[in-house]
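Values quoted throughout were computed directly from the atomic coordinates according to the rules given, and no laboratory measurement underlies them. Just so you know, these numbers come straight off a predicted model, no measurement behind them. Cβ coordinates were reconstructed from backbone atoms using ideal geometry, including for glycine residues, and neighbour counts include every protein chain displayed.
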Amino acid sequence: MINVVFLGFGNVNSNLFKALHIANEVTVKQVFNRNYIKMISPFENIPFTDDISKIEEADVYIIGIPDDAISAFSESLPFQNKLIVHTSGGVSIDTLSNKNRRGIFYPLQTFSKERAVSFKTIPICIETENSQDLDLLRKLGETISENVVEISSEKRAKLHLAAVFVNNFTNYLYQIGREILKNEDLPFDLLKPLISETASKIETLSPEEAQTGPAKRNDIKTIEKHLHLLGDSPYRKFYELFTEELKHNYGKKL
Ligand SMILES: NC(=O)c1ccc[n+]([C@@H]2O[C@H](COP(=O)([O-])OP(=O)(O)OC[C@H]3O[C@@H](n4cnc5c(N)ncnc54)[C@H](OP(=O)(O)O)[C@@H]3O)[C@@H](O)[C@H]2O)c1
């Protein structure tokens, strides 16, 4: 049995908590959060504390708090030589205080507290400072995911960079699309099948093969019409930048 304590209870840890709580061979011993949280049904029996001095013994402590808070928080933990992991893609293992054994347990997915996800296909990127801890994290990861991979802090930083491009920026582009439709009283739902197919296509085609649209086709008149429609909109700069880049990418200079 692997005993786990969650430190922080935001988007990631609340989702990891739900998955590990029902996993075989894992016991969630406790949840710590700096502010009080009421554990709601069916989790009301999981011990909660907001007192850092009352954190219980565990095999693995999972820190799930904003990146910039990880260093100071790990330093503030009142115990030593335990396995402490964080869940960040972009933060090096060295950022954790070295008074404890350090590790990474980074689930490569986008998490929101109010949305449940299945961990089965989510890559869990692990890293530790010794082989026993690596075995333990691998075992823990495999209780919820079929894809546990050992990745160094350097490579994980690049992986996270790529993830920001494909998720955060793409999602912001959805926001722009929704805004443009909203101004015309058109529902965002009209774009959803396109968004779904764009994501599905890359299961069988490379992103380069999957690309369509006026920039790839070099449809100058359509591009000019779009720029006219954008006028002095703040979104114009993205349109111009992406169009230039796509034309360059497909070998058709403006
Ligand atoms: N969200 C994602 O999609 C995602 C995906 C993969 C990895 N990650 C990584 O997972 C980690 C957590 O991300 P998240 O989205 O779950 O964050 P989040 O929801 O913003 O985290 C909120 C939690 O952090 C606690 N917290 C905030 N500042 C703190 C501080 N200074 N000291 C102690 N606790 C503090 C909050 O406590 P209170 O309730 O008391 O405010 C709350 O429990 C980050 O390192 C992030 O890079 C995120």
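Hey, what angle do you get for helix 192-201 against the long axis of the chain, alpha-carbon based, 0 to 90 degrees rounded to 10?
The two axes meet at around 80 degrees.
Which is the longest part of the chain that has none of the trypsin sites (Lys or Arg not before Pro) sitting in a DSSP loop with at most 10 other Cβ atoms within 10 Å?
121-252
Report, in whole Å, the centroid distance computed from the Cα atoms of the range 222-242 and the range 140-162.
38
Using the alpha-carbon atoms, what tilt in degrees (0 to 90, nearest 10) does helix 131-142 show relative to the longest principal axis of the chain?
Compared with the principal axis, the helix lies near 60 degrees.
So which chymotrypsin sites (Phe, Trp or Tyr not before Pro) in the range 28-67 are both in a DSSP loop and have at most 11 other Cβ atoms within 10 Å of their Cβ?
Tyr36
For the range 18-107, list log₁₀ I(q)/I(0) at each q in 0.13, 0.14, 0.16, 0.23 Å⁻¹, using the Debye formula over Cα point scatterers of equal strength and ignoring solvent, two decimals each.
-0.44, -0.52, -0.68, -1.33
If each DSSP helix of 4+ residues adds -39,500 (n - 2.57) and the sum is divided by the residues in the chain, what number results at 222 nm, nearest 500 deg cm²/dmol?
Computed ellipticity for the chain at 222 nm equals -11000 deg cm²/dmol.
What aspartates and glutamates does Lys155 reach when the alpha-carbon gap must be under 12 Å and sequence neighbours fewer than 8 apart in one chain are set aside?
Glu127
Take the residue pairs Lys29/Lys99; Lys120/Lys158; Lys18/Lys182; Lys18/Lys158; Lys225/Lys247 and return only those whose Cα atoms are more than 26 Å apart.
Cα-Cα > 26 Å for Lys18/Lys182; Lys18/Lys158; rest within.
Please work out, to two decimal places, the log10 of the ratio I(q)/I(0) at q = 0.09, 0.17, 0.18 Å⁻¹ from a Debye calculation in which every Cα of the range 2-151 carries one identical scatterer.
Rounded to two decimals, the profile gives -0.23, -0.93, -1.06.
How large is log10 I(q)/I(0) at q = 0.11, 0.13, 0.14 Å⁻¹ when the Debye formula is applied to the Cα atoms of the chain, each weighted equally and without solvent?
Computed log10 I(q)/I(0) values: -0.73, -0.89, -0.97.
Between Ser41 and Leu161, what is the label-point separation in nm under the 7 Å Cα-to-beta-carbon projection?
4.9
How big is the antiparallel share of DSSP beta bridges in the chain, given as a percent to the nearest 5?
Taking every DSSP beta bridge with both residues in the chain, the antiparallel ones total about 20 percent.
Taking Cα atoms, how many degrees apart are the long axis of helix 220-230 and the longest axis of the chain, rounded to 10 and kept between 0 and 90?
Taking the Cα atoms of the chain, the angle to 220-230 is about 60 degrees.
So, counting K/R as plus one and D/E as minus one, what does the shell of residues with Cβ under 13 Å around Tyr174 add up to? Write down the numbers at each step before the final one.
Numbers: positive: Arg178, Lys182, Lys192; negative: Glu179, Asp189.
Taking every other residue near Tyr174 into account, the sum is +1.
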